[in-house]
Amino acid sequence: MLLLSSCQWQEPWHDVQETRFLLGTLVSFTVYSNDEEKALAAIQQASAIMQSVEQSFTSFTDVDNSVQRFNHALAGEVITLTADVDGLLRQSLQIQQQSLGAFDPVLGALNQAWAFSEAKNQQKPLSADLIEQALNVSGVLQLQAVSGMKWTKNKNQTQLDFGAIAKGFAIDQGIQSLQTSGIEHAIINAGGDLRILGNHGDKAWKVAVRHPRLKQPLGWFDIEDDSSVVTSGDYERFFVYESKRYHHILNPKTGQPADKNMSVTVLTASATLADAWSTALFVLDVETGLKMVENMPDLEALWVDKHQVLHLSSGMKKMFFPSKAH
Ligand code: AMP
Ligand code: MG
């Protein structure tokens, strides 16, 4: 008779999956593991951390966080941000400069005026007067660093908005938490924006990129190790008025929805950077953006421009497989 003691039994490697509603979207956690109990505990911890990031950065609800305190403060009032918010604000200001102002973390008043978070099809575009009023109180020039984590603003209505970067930051924090829990192979996918850790057995993880207009994917990446893929698109939050599409990614110079691209996908190690740069590149034209990307080591991008033409950065050409239809 053959007796196997329980310690000889090895759980096979398999995907452990959980989905949660976080960051305003469905977030799926996939851990490739041979220890389901450990994987589930790690996912639980990572999702709690991502929820706390959401609570620290959200400016949509009545949560009492330092972003809301800053946004509701009066001009000249000194507000101390939390370390996470201060850190991400400083990183955002750097990207604002590198992107020649295409990315701007101080667009809260303009974003609110457009109200894309409540987008309905009956909505009308904002009048030139209201755009001008919102632009007057928006943008990094309205922000002043006092000292340490203390900040103030020039106008009462000036507001921070981390909508273009906080999801990426939350994904990075989630992956870091999984690593701390001893996980080596995983994906955190927040509504198509994702970060990958390790690999999928002896295979790379396969990631499809959404086409901005069609149901079938634009193509896919084969990627492994530490990489993030984030897309900004004009199809996420929008309304149509007199046959023209108005969407949630705004050009800080004009106050209007950016009109150069339909979608931009960025691949780089950090989800925070992928998120911020996909928004920045979406605002810029392909030529300007491509020059910036070619100057950034380890960051690649693909654009579907306003004419639905696909453009790839040089490194992207080696990693991206367009679907046959394109
Ligand atoms: P994403 O979907 O990551 O491209 O982020 C879009 C969100 O970021 C919007 O819903 C706004 O909250 C905010 N946003 C819009 N335009 C910009 C911009 N030019 N720079 C930074 N944040 C922006
Ligand atoms: Mg973004």
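The values are calculated or read from the model by the stated rules, or taken from the named source; none is laboratory data. Just so we're clear, the structure is a prediction, and the values are computed from it rather than from any experiment. Cβ atoms come from the backbone with ideal geometry, glycine included; neighbour counts cover every protein chain shown.
Side notes on the structure shown:
- Segment 197-216 residues that are of a type in the set (Lys, Arg), paired with ones that are not in a loop (DSSP other than H, G, I, E, B) (beta carbon under 8 Å, 6 or more apart): 206/220; 206/221; 206/222; 210/231; 210/233; 210/263; 213/262
- Just so you know, in segment 200-256 the residues that are within 11 Å of ligand 1 (Cβ to nearest atom) and acidic (Asp, Glu) include one that is farthest from residue 14 (Cα to Cα), and it is 234.
- Qualifying residue in segment 143-163 (condition: outside any strand (DSSP E or B) and under 30 Å from residue 225 (Cβ atoms)): yes
- Any chance residue 233 is under 24 Å from residue 187 (Cα atoms), away from ligand 2 (no atom under 12 Å from the Cβ) and touching a strand residue (DSSP E or B) at 6+ places or on another chain (Cβ under 7 Å): no
- Residues (more than 13 Å from ligand 2 (Cβ to nearest atom), acidic (Asp, Glu) and either under 19 Å from the mean Cα position of the chain (by Cα) or farther than 18 Å from residue 104 by Cβ (or both)) located in segment 251-310: 287, 294, 298, 300, 305
- Of all residues in segment 66-107, those that are within 16 Å of ligand 1 (Cβ to nearest atom) and over 27 Å from residue 296 (Cβ atoms) total 4.
- Qualifying residues in segment 65-85 (those that are buried (at least 17 other Cβ atoms within 10 Å of the Cβ) and not β-branched (Val, Ile, Thr)) - the one nearest to ligand 2 (Cβ to nearest atom): 84
- Qualifying residue in segment 177-195 (condition: surrounded by 17 or more Cβ atoms within 10 Å (Cβ to Cβ), at pLDDT 95 or above, more than 16 Å from ligand 2 (Cβ to nearest atom) and in a helix (DSSP H, G or I)): yes
- The listed residue being more than 10 Å from ligand 1 (Cβ to nearest atom), in contact (Cβ under 8 Å) with a residue 40 or more places away in the chain and part of a strand (DSSP E or B), out of 265, 272: 265
- Subset of segment 69-127 (residues that are among the acidic types (Asp, Glu), more than 22 Å from residue 156 (Cα to Cα) and in contact (Cβ under 8 Å) with a residue 12 or more places away in the chain): 84
Rundown of residues vs (1) away from ligand 2 (no atom under 16 Å from the Cβ); (2) aliphatic (A, V, I, L, M); (3) surrounded by fewer than 16 Cβ atoms within 10 Å (Cβ to Cβ), yes/no style:
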position: 91; (1), (2), (3): no, no, no
position: 131; (1), (2), (3): yes, yes, no
position: 137; (1), (2), (3): yes, yes, no
position: 169; (1), (2), (3): no, no, no
position: 174; (1), (2), (3): yes, no, no
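- Residues in segment 275-291 that are of a type outside the set (A, V, I, L, M, F, W, C) and assigned to a helix (DSSP H, G or I) were compared, and the one that is nearest to ligand 1 (Cβ to nearest atom) is 279.
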